[in-house]
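Worksheet: the structure to be examined is printed underneath.
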Amino acid sequence: MHGRLNQRRCARVALGARLVVVAAWLVVLVTSAPADAQSSRYTFVDHLSSPAPPGALASAAATAVRDGLVAGTLERDVRVLAAPEMRGRLRGTEENARARAHIVERLKRAGLAPLFDGSFEQPTRADGAAAAATPYATNVGAVFRAAQADAEWIVLVAHYDHLGVVDGAIHAGADDNASSVALLLALADSLGRSRPRLRRHVVVLFPDAEEPPDIRTERMGSSWFWRHLPLPAERLHLAIVLDLMGGRASPEMEAAGLTGALFVLGAEASRGLADFARALPPADGVEPVFLSLPMIEAVPYAPGRRFARSDYHGLREHLGRPFVFLSTGRTETYHTERDTPDTLDYAKLGRVTRWVAVLATHAAETDGPLEWRDFTADPLADARSLLRMSAGLGKHGRFPWPLRRALAADRRMVEQLLRRWDAGEAPTPESYRALVLASTRLQAAMWRPGGWYFALW
């Protein structure tokens, strides 16, 4: 009897400890949401859900850049940047500087020009203090120039820093974000070899200081870049931001037939941008999944806030120029010591690199401006994509029952919303909020399959 009482007492203590952890975690979710998003009211459009325009053929320049890629450099660069001796490339460390030196050397060998007044490096200052003596971080950038010096420009962005050593464990950051850096270096190589004649400059930018505690602040290297541009802001045609481009698909995504999914977010901001992105020629093994940005930016219990996920934060806040955000999605290794080079899918990364090469080249040579409007969403497209992503949830038992039940309820709710919207009922801020929270729970579940507490949202 005494033993049973002790067991019950221990169980109550353990339960209390778990509840304290959950409560603390919920407080962090609410208080960490940025205060600069002033509204959760979106303009609802059909830019992604309307019939797609006819697919375009790859241009001669895009074909040359795509076919000039050398896939073997991808794994080599990831293994250099995410090697144990790089110790996670934390901002301000010697290892971060060594990673930066590797990127600069690769850009020089590719034959691209330095971006910043004859230098490949752009020192940044914390909190906008331009007169500070010591740089806070250092961006790296290069440019492949168009024929006309005053041409418009596009920029491809992949941050190179990571978390460093956390509690004694090296967080190597292979997927986050050595995979995207390797992709851009391969693209730079191909541009340097093929030398296509483009109407716009192509900039490749590798910002520093993207990870916490700098994310969504003015300390981000990209935030500094967007406020201290080396080229005119009004001539920025399109930014392409990449993060997490090499992770393996989860069992649920495989079961849903989305092993080759590449998430494309931000194209909902205008009809022209959506049509441009959806008209790209298909690529073997790559399936673009179009989502509105709110689908990855929702914060539970904070309906008036949004949570920017990468280096587009400062661009959206300071410039309001067109951009798309690309990612193959968070995996279970995200922000853990298990994010090592051996966990990446290099064949998939090679296929995605070819698709991005065509996207970038078309952006650098096609006619017409691209518009952009903040706080825009396509609920029908988002609901359809979410149903596709959740189609394989019942085929694996990886989730604890509270989370499994919540995910199943979410799917039924999304099906009901989609039936009503397809029948002509207009989405409301409340119904769209329910949709984006269902998206948030699904993403969290695939990142942390054991997280039963996600069922509390």
(request) Looking at (1) closer than 30 Å to residue 70 by Cβ; (2) not assigned by TED's automatic domain parsing to the domain that holds residue 250, find the lone condition where residue 420 falls short. (result) (1)
(message) Can you pull out every residue in the range 208-233 that is surrounded by fewer than 22 Cβ atoms within 10 Å (Cβ to Cβ) and over 20 Å from residue 162 (Cα atoms)?
(response) 227, 228, 229, 230, 231, 232, 233
(request) Output the number of the condition that residue 77 fails; it satisfies all remaining conditions of (1) in contact with a helix residue (DSSP H, G or I) (Cβ under 6 Å, 6 or more places away or on another chain); (2) farther than 22 Å from residue 203 by Cβ. (result) (2)
(message) Pull out all pairs, ordered by first then second residue, where Cβ-Cβ is under 6 Å, the residues are six or more apart or on different chains, the first lies in the range 98-111 and is small (Gly, Ala, Ser), and the second is not in a helix (DSSP H, G or I).
(response) 99/160
(message) If residue 320 satisfies all but one of (1) surrounded by fewer than 24 Cβ atoms within 10 Å (Cβ to Cβ); (2) part of a helix (DSSP H, G or I); (3) not basic (Lys, Arg), what's the number of the condition it fails?
(response) (2)
(message) I need a count of the residues in the range 153-178 that are in contact with a Leu (Cβ under 8 Å, 6 or more places away or on another chain) and either without any contact (Cβ under 8 Å) to a residue 60 or more places away in the chain or surrounded by fewer than 19 Cβ atoms within 10 Å (Cβ to Cβ) (or both).
(response) 1
(request) Tell me, yes or no, whether the range 423-435 has at least one residue that is part of a loop (DSSP other than H, G, I, E, B) and either in contact with an Asp or Glu (Cβ under 6 Å, 6 or more places away or on another chain) or of a type in the set (Asp, Glu) (or both). (result) yes
(request) For residue 251, indicate whether it is surrounded by fewer than 17 Cβ atoms within 10 Å (Cβ to Cβ) and more than 30 Å from residue 59 (Cα to Cα). (result) yes
(request) Name the residue, out of 338, 309, 271, that is within 13 Å of residue 247 (Cα to Cα) and either touching an Asp or Glu at 6+ places or on another chain (Cβ under 6 Å) or in the same structural domain as residue 85 (by TED's automatic domain parsing) (or both). (result) 338
(message) Need pairs with beta-carbon distance below 6 Å; first residue in the same structural domain as residue 321 (by TED's automatic domain parsing) and within the range 354-379, second in a helix (DSSP H, G or I) and surrounded by fewer than 19 Cβ atoms within 10 Å (Cβ to Cβ); sequence gap 6+ or separate chains.
(response) 370/272; 371/272
(request) Consider residue 280 carefully, then state whether it is within 25 Å of residue 366 (Cα to Cα) and either without any contact (Cβ under 8 Å) to a residue 24 or more places away in the chain or out of contact with any Ser or Thr (no Cβ under 7 Å at 6 or more places or on another chain) (or both). (result) yes
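Which one is nearest to residue 50 (Cα to Cα) among residues in the range 280-300 that are part of a loop (DSSP other than H, G, I, E, B) and over 13 Å from the mean Cα position of the chain (by Cα)? Explain how you work it out, then say what you get.
Going residue by residue through the range 280-300, those that are part of a loop (DSSP other than H, G, I, E, B) are 280-282, 284-285, 292-293, 298-300.
Okay, now just the ones that are also over 13 Å from the mean Cα position of the chain (by Cα), so 280-282, 284-285, 298-300.
Details: 280: 16, 281: 18, 282: 18, 284: 24, 285: 24, 298: 24, 299: 28, 300: 29 Å.
Applying the filter and picking the extreme gives 280.
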(message) For the range 423-440, give me each residue that is surrounded by fewer than 23 Cβ atoms within 10 Å (Cβ to Cβ) and aromatic (Phe, Trp, Tyr).
(response) none
(message) When you scan the range 129-137, do you find a residue that is within 20 Å of residue 77 (Cα to Cα), of a type in the set (Val, Ile, Thr) and assigned by TED's automatic domain parsing to the domain that holds residue 80, even just one?
(response) no
(message) Just to be sure before I move on: is residue 181 part of a strand (DSSP E or B), in contact (Cβ under 8 Å) with a residue 40 or more places away in the chain and in contact with a strand residue (DSSP E or B) (Cβ under 9 Å, 6 or more places away or on another chain) in the structure I sent?
(response) no
(message) Please pick out the residue among 126, 97, 101, 113 that is modelled with pLDDT under 95 and surrounded by fewer than 18 Cβ atoms within 10 Å (Cβ to Cβ).
(response) 126
(message) Suppose the filter is free of Cβ contacts under 8 Å to residues at least 40 places away in the same chain, surrounded by fewer than 22 Cβ atoms within 10 Å (Cβ to Cβ) and polar (S, T, N, Q); does residue 443 pass it?
(response) no
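The values are calculated or read from the model by the stated rules, or taken from the named source; none is laboratory data. Treat the numbers as computed from the prediction; the structure is a model and nothing was measured. Heads up, the Cβs are rebuilt from the backbone with ideal geometry, glycines too, and the neighbour counts pull from every protein chain shown.
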